[in-house]
Structure formats: structure tokens, C-alpha cells
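Asks: Let me give you the structure first, and then I'll get to my questions.
The values are calculated or read from the model by the stated rules, or taken from the named source; none is laboratory data. Remember, predicted model here, so these are calculated numbers, not experimental data. Heads up, the Cβs are rebuilt from the backbone with ideal geometry, glycines too, and the neighbour counts pull from every protein chain shown.
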Amino acid sequence: MRHEFAVQVGPVGFRVGSEWRAPVASLQRLYEGYPPPEGGVADFSVRLEAERPWRRWMKPSVAIRGDYVLPDAAPLALAHGLLAAEMGMNLQMALGQKRYLLLHASAAERDGKCVLMTGASGSGKSTLAAMLGEHGWRFMGDEFALLDPETWLLHPFPRAISLKNRGIHAMEELVGPDRFGPWLKGTPKGTLRHLRPRQDAIARMGEPARPALILFPTYGADTAVRPVGAAEVFVRLTQASTNYVTLGERGFGALSHLVTEVPARAIDYPDGKAAMEAVEALWAELS
Amino acid sequence: MAGPLYIADPEELVRAVELDGLTALFHVPSGMTHILAPPAPQILAALRGEGADAAELARRLSESFEIEGGEAEMEARLAELEAAGLVRRA
């Protein structure tokens, strides 16, 4: 491909090729300080191609290709090329990851133990992990948490944090502009802006942590905490995993160990400050 | 007249974990995971190794548990477990 970018995120190496310079330039800025793929070899490739040959010049439209492809993935406008690259990387993970049980969850670590947060889009799990990462925790990931079926440890996947709408404003109050990517407005996911994690999250991307608390956050109501039964946690985490079925018995072993060993709570919260306080209180009580 | 005989897979072909009164069960031959409520796990245990019809199953379970609904209840549960692929006709 004309333009290429390669990066290691946690245990996974990616190579992104693009027919245009702009998405690769955005990735290089956003992922400044990240190492290249270990051994120079990427696990997954993402290609950003013109949807049709002539569309490289006329009203450019980006189609996501890679080792694993969804046939009906809609093309994106070139202005959203950075989002296309990120979606391509997510897609390769979701469809191709076989070594770890992949949970659609955010995570943050302290003292070798980690909190795992999962919920629907808009639950605030990305913003919450990002906020913890600025307040004494190590940010481990905002999109995927990788559970090792052999060790039951959670491996980080600290890619750039994908912030939406109010999450962008919450983090702009905490972090200077040099760590933010460009504004992406009018995307299929609404208004987005990426945030590069703190340097410690990047430097320690190879260090796993022991899961100690599972949270199901929900934004929008007064603070409330409810226990969640192990069977419900099990079902919700199978739904939050993209490769549970593929892993078969290894996935069952990993997930059943997680839900029987680690306490889980659902938390409602009205704002980021309340959420942080709730997490700290539960951490002190349960971890 | 005796009804159809049902049998469950042996213990080495299932992985089961207790979760708050429910059972998460991984069925190795199919690769499927099931969340089971009582009396399903007890029925599977009673049908391992030696098949039984609904009446015999009710008798076996009644040795350890109080069974509500008797044979008709067992027939209904066996139909569900057969549909889920966890028991089969012997």
C-alpha cells in the first residue's frame, strides 16, 4: 500500500495500510510513543482502500479491508479515515483473536489488580477507564480486555481511547490538547475524539493484572450500587465477548473462573466524579 | 407401557459450574453453553450411564429430592433437554 503504519497494542501487533496519507498521518500522531510490532511482524493487517478505484480522487470513500472482512461493512468518508482504521483494528481483533477470551470491556489496574467494566454503548465505560487512568490507576483499555484462559490474568489492550460526546468534554478538563486526536464529527457513531493514554499505560502494555472487581456501569441516574448474581454476570459476559463460542471449552473455563472468583456490581452514576467515588469505595471494600 | 428411554452424556463430556443456584454447563460434543435451573442438572446426573424413561427417572430422583408433578413433569423436562441436545433417546 502507498502509506503504512505499524504499532504494537498490548500483545497484538497491527499493520495499517492506506491508499491515502491522511489516515496514516493521524494514526502516527495519535500513537506517538507506542512501540512497533514485536519482532517486526504484525498479527493483523488492516487495509483502507478506495471503495471503487476512481473514488480515490472523487469524493473519496474508505472501505475497510483486512485479514478478516465483514462483507457488508459500510464505507466511510475519507475525513473519517482515522475511525475507519480504528474500526478495522477492532474488527481484526473481534474476528481473529484466538489466544485470549476477548471481552468488550474497559479496564484499569492498581497494585497488580484490575477493575473490569462492561456495558452497552453510552454506559460510560470508556470515559470511566480514561478518568481512572488520570487518577492513580493504570489505564488498560477502553474497548477490549483480554482474558488469558491459562493464567486467568487480564492483558491490557491500551489503544487510543475512543471518546464520544460528553466524554470528550469530561476528559478535556483533565488532559492537555497534545494527547487528543482530531475532532471527528458526523460519523456513524456521532461525534468522536481519540485520546492517547498516559505514558505509563503505553510503557506497561505488556503487564497483565489479576481481575479483582467487575462493574456494569450505567450513566444517567443517581448513584446506586447493586450486586449482580454470578449467573447473570456469566450471561452478560458471554454477550460481551466476541470470541467466547470460538474458544469453546477454554472460553468456558476462563469465564466460569472469572465469575466465580471475582465480585460484581452494577453501578448507576450521574457524573464522572460520582462514578470515580463509587469505584474507589467498591475497590476498598471488595478488591 | 414404558415410555422412550433417555440417556445423558457421561461426566467427561460436560463441564458444569454452580452459579447462585443455577448451573452453567458446557457441553463438549456440541460446544454449546447452557444455563440450567433445577431440576435439569439433577435430571442429567440421574441419566448418566444408564438410560431411563420418565417414570423410572421420577423414581430415581424421588430417592433424593421431592418431585412435583411426577412422570408428566419429567416428560416435559426431558423434551426440553432433548431439544437442547443434552439428552438423547437410548
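Asks: Restricting to the stretch B:37-52, count the residues that are surrounded by fewer than 20 Cβ atoms within 10 Å (Cβ to Cβ) and more than 10 Å from every other protein chain (Cβ to nearest Cβ).
Replies: Start the filter on the stretch B:37-52 by keeping residues that are surrounded by fewer than 20 Cβ atoms within 10 Å (Cβ to Cβ), which leaves B:37-39, B:41-42, B:45, B:48-51.
Those still in the list that are more than 10 Å from every other protein chain (Cβ to nearest Cβ) too: B:38-39, B:41-42, B:45, B:48-51.
Qualifying residue count, the stretch B:37-52: 9.
Asks: May I ask you to verify whether B:Leu25 is touching a residue at least 40 places away in the same chain (Cβ under 8 Å) and in contact with a Gly (Cβ under 8 Å, 6 or more places away or on another chain)?
Replies: Working: touching a residue at least 40 places away in the same chain (Cβ under 8 Å): yes; in contact with a Gly (Cβ under 8 Å, 6 or more places away or on another chain): no.
For B:Leu25, the condition - touching a residue at least 40 places away in the same chain (Cβ under 8 Å) and in contact with a Gly (Cβ under 8 Å, 6 or more places away or on another chain) - is not met.
Asks: Picking from A:Arg204, A:Arg193, A:Arg198, which residue would you name as being in contact with a Leu (Cβ under 9 Å, 6 or more places away or on another chain) and not hydroxyl-bearing (Ser, Thr, Tyr)?
Replies: A:Arg193
Asks: Next question. Considering only the stretch A:163-172, I want to know if a residue exists there that is more than 14 Å from chain B (Cβ to nearest Cβ) and β-branched (Val, Ile, Thr). Please lay out each step first, then the result.
Replies: In the first step, residues of the stretch A:163-172 are kept if they are more than 14 Å from chain B (Cβ to nearest Cβ); the result is A:163-172.
Within this subset, residues satisfying the condition of being β-branched (Val, Ile, Thr) are A:168.
Scanning the stretch A:163-172, I find at least one residue that is more than 14 Å from chain B (Cβ to nearest Cβ) and β-branched (Val, Ile, Thr), so the answer is yes.
Asks: Considering only the stretch A:164-196, state which residues are within 22 Å of A:Ala108 (Cα to Cα) and either at pLDDT below 90 or touching a helix residue (DSSP H, G or I) at 6+ places or on another chain (Cβ under 6 Å) (or both).
Replies: Result: A:Asn165, A:Arg166, A:Gly167, A:Ala170, A:Met171, A:Gly181, A:Arg193, A:His194, A:Leu195, A:Arg196.
Asks: In this structure, is A:Thr187 in contact with a His (Cβ under 6 Å, 6 or more places away or on another chain) and either surrounded by fewer than 20 Cβ atoms within 10 Å (Cβ to Cβ) or charged (D, E, K, R) (or both)? Working first, answer last.
Replies: Details: in contact with a His (Cβ under 6 Å, 6 or more places away or on another chain): yes; either surrounded by fewer than 20 Cβ atoms within 10 Å (Cβ to Cβ) or charged (D, E, K, R) (or both): yes.
Yes.
Asks: Quick check on A:Ala224: is it modelled with pLDDT of 95 or more and within 21 Å of A:Met140 (Cα to Cα)?
Replies: Numbers: modelled with pLDDT of 95 or more: yes; within 21 Å of A:Met140 (Cα to Cα): no.
It is false that A:Ala224 is modelled with pLDDT of 95 or more and within 21 Å of A:Met140 (Cα to Cα).
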